[in-house]
1. Taking 0.36 nm per residue of sequence separation and subtracting the Cα-Cα distance, how much length would be gained by fully extending the chain between Tyr211 and Glu225, in nm to one decimal?
2. Just to check I understand the Karplus step: with θ = phi - 60° and J = 6.51 cos²θ - 1.76 cosθ + 1.60, what whole-Hz values come out for segment 30-36, glycine and proline as x?
3. Starting from the Cα of Thr232, step 7 Å along the direction of its Cβ; do the same at Asp32; then give the gap between the two resulting points in nm.
4. Tabulate in residue order the Karplus-calculated ³J(HN,Hα) for segment 144-153, using 6.51 cos²θ - 1.76 cosθ + 1.60 with θ = phi - 60°, rounded to whole Hz; enter x for Gly and Pro.
5. How much length would be gained if the chain were fully extended between Glu198 and Leu94, taking 0.36 nm per residue of separation minus their Cα-Cα distance, in nm to one decimal?
6. Need one number: convex hull volume per residue for segment 5-105, Cα atoms only, in Å³.
7. What are the lysines whose alpha-carbon lies under 28 Å from the alpha-carbon of Lys123, with same-chain residues fewer than 8 places away excluded?
Amino acid sequence: VSTQSTGSSGINAEYGEADIRKLMGELENRCDFSKIKNSMTSFTGKTDRLIVKESQVIKLNVKGSKVSASKIHLWLFADCAVIGASFDPKHPELITLTEHCPRQMITVTNSFAETLSKKKIKKDLVFYLSMTPNPSATRGKHWIQCESKKEVDSWMEVLKKKTPVVEDDDQEKIYESWDTPRFVAMYAHEKTNTDDLELEEGDVCQVIRKYTDGWCYGFREKDEEKGWFPITFMKEIESDHKNLRDKMEKLAAIDRLTQVAASSGDIISTIDSHHQG
C-alpha cells in the first residue's frame with residue numbers, strides 16, 4: 001500500500017505560518033473530533049499550535065504470525081500528535097480522529113524493526129510509535145510503515161524532539177509554552193533588580209527558562225507578570241509537565257527491560273506484555 005506525505009522535511013520548511021494556519025483550518029473542517037474530544041476539539045484553538053509534519057502512512061497490525069495493514073493519517077503538531085483514519089469509502093476526505101497524545105508522551109524507535117523482517121516486512125520502512133494520552137492511560141502501540149527510508153528518518157527526527165530544549169553550553173533550559181513546569185514560592189522574594197519578579201509566599205509561577213546557576217525566568221500565574229526569581233525559593237508542584245515527566249521515566253525503564261528481553265524472545269509479545277503504561 002502506498003503512502004503520501006507532505007514532505008520529508010516537514011510542513012514548516014515548505015509553508016509560511018499564514019499558509020499553515022489556513023491548511024489547519026481546512027483540515028479541521030474535514031475531521032471528526034468526537035473520539036478525542038476530552039483532549040482536543042480543534043486544531044486551531046491554540047495560538048502556538050502549528051503542524052510540524054503530516055503523512056498518510058500504513059499501520060501494521062501484528063498478531064502472532066499474522067500481519068494486516070491499514071491506512072492512517074499521522075499529524076505532528078508543536079504540542080501533540082494525532083492519528084486519524086477515513087472510514088467512509090464514499091467520503092474518503094472525511095477523517096475520524098482516533099488518538100491524541102501530548103508531545104512529551106511520545107516515544108519512537110526503529111530498534112525493534114529487525115524482528116519484523118521474519119514476517120516479510122521491509123524493516124527499513126518501519127518504525128515503532130508509542131503514544132500515551134495522559135499519565136494514567138495505557139499507551140497506544142503502533143508499527144508505522146512509510147513509503148521510503150527517507151520518510152522514516154524524517155519522522156524519527158521530528159518525533160524525537162522533546163522539550164526542554166537544552167542549549168549547547170548546557171547552562172540553560174528553555175520550556176515550550178505548552179510544557180512549562182509549575183512552582184510555588186516557599187519564601188517571599190523581594191525585587192532587587194528591575195527585571196526581578198517579586199514573590200509572596202504561596203505565589204505559583206510557571207518557569208520558561210531555567211539556568212544552572214539557580215535562577216529562573218517565568219511568570220506569576222495570578223497576574224502573568226514576568227521576571228527572574230531564585231529556584232531555591234521554590235518547590236515544584238503538580239502540573240502536566242511533572243506528571244508526564246514522571247510517566248516518561250517509568251516508560252523509559254520499561255523500554256529498557258523490553259530491549260533486553262527482545263534479544264532472547266518474541267519481541268511482539270514482549271512489547272504487548274510490558275507496554276501497558
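Laboratory data are not the source of any read-out in this text; all were calculated from the coordinates shown. Small disclaimer: the values here were computed from a predicted structure and weren't measured. Please note: Cβ atoms are built from the backbone with ideal geometry, for glycine as well, and neighbour counts cover all protein chains shown.
1. Numbers: separation 14, 0.36 × 14 = 5.04 nm, distance 1.94 nm.
Contour length minus Cα-Cα distance gives 3.1 nm.
2. Ordered by residue, 3J(HN,Hα) equals 9, 10, 9, 8, 4, 6, 10 Hz.
3. Taking the two extended label points, one gets 5.8 nm.
4. For segment 144-153, the Karplus curve yields 10, 10, 10, 7, 7, 5, 4, 5, 4, 4 Hz.
5. Details: separation 104, 0.36 × 104 = 37.44 nm, distance 5.13 nm.
Gain in length upon complete extension: 32.3 nm.
6. On the way: hull volume 12.6 nm³, N = 101.
Given the Cα convex hull of segment 5-105, per-residue volume reads 125 Å³.
7. Lys53, Lys59, Lys63, Lys66, Lys71, Lys141, Lys149, Lys150, Lys160, Lys161, Lys162, Lys250
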